[in-house]
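Rule-based calculations on the coordinates, nothing more; no lab input. Just so we're clear, the structure is a prediction, and the values are computed from it rather than from any experiment. Every residue, glycine among them, receives a Cβ derived from its backbone with ideal geometry; neighbour counts consider all protein chains shown.
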Amino acid sequence: MTDVLAIAEHRRGELRDVSFELITAGRELASEVGGDLHLGVISGDVDAFADDLNRDGVDAIHTVDDGEEFNHDVYAQAIPQLFEEAGADILVTPNSVNGLDYAPAVADDLDLPLVTDSVALDGGDVTEVTREQYGGKVETTYDVDSESFAVTVRPAEWPQAEGDGDAEVTAVDVDIDEDAIRSEVTGFEEVGGGDVDISEADVLVSIGRGIEEEENLVLVEELADALGATLSSSRPIVDNGWLPKNRQVGQSGKVVTPDVYIAIGISGAVQHVAGMKGADTIVAINTDPSAPIYDLADYGIVDDLFDIVPELIEEFGGEAPNL
Amino acid sequence: MKILVTVKEVAEVEDEFEISGLDIDESYLEYDLNEWDDYAVEEAVQYSEENDDVEVVTVTIGPERSEETIRMALAKGADRAIRVWDDSLEGVDFLSTEATSEMLAAVAEEEDPDIVFSGVQSDDDANGATGVMLANKLDMEWAAVVNTLDLDLDEGVAGVHRELEGGIEELTDVRTPAVLTIQSGINEPRYASLRGIRQAQQKPLDVQSLDDLGLDTGSLDSPLERTSMYEPESEGDATIWEGSPEDTAGELADFLRDKGVVEG
Ligand SMILES: Cc1cc2nc3c(=O)[nH]c(=O)nc-3n(C[C@H](O)[C@H](O)[C@H](O)COP(=O)(O)OP(=O)(O)OC[C@H]3O[C@@H](n4cnc5c(N)ncnc54)[C@H](O)[C@@H]3O)c2cc1C
């Protein structure tokens, strides 16, 4: 039997959605390779988490009661022991910031080939993993010619598992070497506050690296004004310090769900899309017809923003600034 | 004190491109220093400017072509560079994270740095795993996705913010030596000055083969094999407005008015 061990993720007392997606991905994979799906739950209120994770398709749940929050030194020690306890061959973790903070180390310790950020899995004697490359412009497939491997799965690609399960929950006593705990989480901080809340906006004019220079921002500011819309952006604009953090849409910024999202000069990287795919209508203005944003957009203009935006401003009775 | 920075020359794809075999055809690729590594280099150089006797060494894996990119890191203030390359790496489809971190680990063992900075991910492959695997191979501590760093190498601690999802940062104290994967936005990477570019030509750039590093090609073998690359079928069914900017902007304006989201 080829068994799968998937590792749940939680933060500040809550299981994260990706944990339930892992159950779906892990169940499919386990069935394809002909094995059981085990779940590992480490730290926090493990009993409550296990209860919640006990969904249809899970064969066994192993809990490790050690500490409250994620600490990669605990995870890196506990997972190999769970892997052995479960008799697992395949390790599945979220491709989240924390998943990527332990999966490479665990894969290395267990000598498992690692494929990160998979968007599709096709299990078999040789498992095929699909992932994206070059900023989502192409997909690639990899054959994993090994019964045993580790894979991290992209959040929001698999549906969440539902339905009650009847997995047996076992508390596992793992050996944690305190000397090998070389980092200490001292707290959390919320960033991106302030007077503007882009997640409340009905219409967002959102600008990306296509704007090129800080001086050019007046163009989209003017457009937002003319439309009575709110201005938001992709990450590089905030990284450059051109707009404050509270304007950033995406995985590490805000999740927005406006009626209309106008993405201007934004390629549509996965971490950006994580923040805006729930918008009712998405409009893209981008010179590159193969930009991934067009996979998502309802409407598009494949043209230069420096030609389109001034026209739009004038359509709404504004005056396009001279750049 | 010594800071080792892992850097990669990444391929950027032109708007229109073709795939030949298992990769994008060379003629549609342009090369540049990986965005995240640019921030990592800057973080190291700033520390070396603020503290006495800190050497910044960069290490890359890449063919001769990548020297141009590596020189950019030298021009921005790194002191010397190491480039790992080998005939046996010529023409391989891709390097697994295991292989990459194995080579970087061999260099790091040689260099014995006090801290290692790498980028969170590379722009082209986006594995996002090299730094953490490297740390494990070196038996160093690590932290992934660091967007604020308060480093005290004398004390042996790095106070970091790890940028999690949803605007939450985790505050963590990390014991050094460690590998930190550096997130974009942590600093403001400088442009190389003309003087810097001139000086970079004089700085040491050492080329190391697998043999030099005590590795054999077998140690880089991976059970992973890339089997295809293709343009994903567009899942969307976007309506693309066509015509002059005046026409297309007009279409969008009409749409917005019809939708009733704007007045006027
Ligand atoms: C851990 C992590 C977290 C991240 N979190 C986020 C996040 O929260 N939000 C986020 O946005 N990103 C995030 N990123 C970064 C993300 O991977 C991308 O790098 C980023 O989204 C790219 O921004 P962009 O689309 O503006 O730039 P690019 O990808 O450079 O795209 C610019 C686009 O502009 C187009 N363009 C250029 N000139 C013109 C013109 N004149 N007219 C029209 N179009 C033009 C180009 O064709 C291109 O498609 C994160 C990355 C990591 C690793």
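Of note:
- Estimated from the Cβ-Cβ distance and a Förster radius of 35 angstrom, the FRET efficiency linking B:Asp247 and B:Tyr191 is about 0.35.
- Calculated from backbone phi, Karplus (6.51, -1.76, 1.60) coupling profile of segment A:159-173 in Hz, x at Gly/Pro: x, 6, 5, 10, x, 6, x, 10, 6, 7, 9, 10, 7, 10, 8
- In sequence order, calculated HN-Hα J values of segment B:15-30 (Karplus, 6.51, -1.76, 1.60; Hz; x Gly/Pro): 4, 9, 8, 10, 9, 10, x, 9, 8, 6, 4, 2, 5, 9, 10, 10
- Estimated at 0.36 nm per residue, the fully extended path between A:Val218 and A:Asp52 surpasses their Cα-Cα distance by 54.9 nm.
- Per-residue ³J(HN,Hα) for segment A:309-315, Karplus 6.51 cos²θ - 1.76 cosθ + 1.60, θ = phi - 60°, Hz, x for Gly and Pro: 4, x, 4, 5, 4, 5, 3
- Within a Gaussian network of chain A (alpha carbon springs, distance under 10 Å), most fluctuating of A:Leu110, A:Leu39, A:Leu22: A:Leu110
- Whole-number percent relative contact order across segment A:4-180, with pairs defined as alpha carbons under 8 Å at least 6 apart: 29
- Across segment B:2-220, the volume of the C-alpha convex hull divided among the residues equals 133 Å³ per residue.
- Computed over chain B, relative contact order equals 23 percent, with contacts defined as Cα pairs under 8 Å that lie 6+ residues apart.
- Gyration tensor verdict on segment A:81-133 (Cα atoms; rounded if a/c is under 1.5, prolate if a/b is larger than b/c, oblate otherwise): oblate
- Neighbour-count order for B:Asp123, B:Asp152, fewest beta carbons within 10 angstrom listed first: B:Asp152, B:Asp123
- Among A:Glu157, B:Glu64, the ranking by other beta carbons within 10 Å of each residue's beta carbon, starting with the fewest, stands as B:Glu64, A:Glu157.
- When the listed pairs A:Lys137/A:Lys245; B:Lys2/B:Lys203; A:Lys245/B:Lys8; B:Lys2/B:Lys76 are checked against a 19 Å cut-off, the alpha-carbon distance exceeds it for A:Lys137/A:Lys245; A:Lys245/B:Lys8.
- Relative contact order [Cα under 8 Å, 6+ residues apart], chain A, whole percent: 14
- Where N is the number of residues in chain A, Cα Rg divided by 2.2 N^0.38 Å: 1.14
- For chain B, a simple Cβ point-charge model (Lys and Arg +1, Asp and Glu -1, everything else neutral) yields a dipole of about 900 debye relative to the Cα centre.
- Nearest-20 debye value, the protein assembly as shown charge dipole, Cβ charges on Lys, Arg, Asp, Glu: 1060
- Alpha carbon centroid spacing (whole Å) that separates segment B:140-185 from segment A:36-64: 30
- Inter-centroid distance (Cα atoms) of segment B:31-99 relative to segment A:240-286, Å: 31
- Share of Cα-Cα pairs in the protein assembly as shown lying beyond 32 Å, as whole percent: 48
- Global form of segment A:198-315, assessed from the alpha-carbon gyration tensor, a/c cut-off 1.5: rounded
- Between B:Glu16 and B:Val207, residue separation times 0.36 nm minus the direct Cα-Cα distance comes to 65.3 nm.
- Antiparallel DSSP beta bridges within the protein assembly as shown, as percent of all bridges there, nearest 5: 40
- Toward the positive end of the charge dipole of chain B, with +1 on the Cβ of Lys and Arg and -1 on the Cβ of Asp and Glu, the farthest Cα among B:Ser184, B:Tyr31, B:Ser20 is that of B:Ser184.
- Scanning chain B for DSSP H helices at least 18 Å long along the axis (C-alpha atoms) with a Kyte-Doolittle mean no lower than -1.0 picks out B:97-111, B:245-259.
- For chain A, share of DSSP beta bridges that run antiparallel, in % to the nearest 5: 25
- Segment A:4-180 - Rg (one decimal) and Dmax (whole number), Cα, Å: 15.0, 45
- Each part gets one Cα centre, and for segment A:147-166 versus segment A:203-232 those centres are 38 Å apart.
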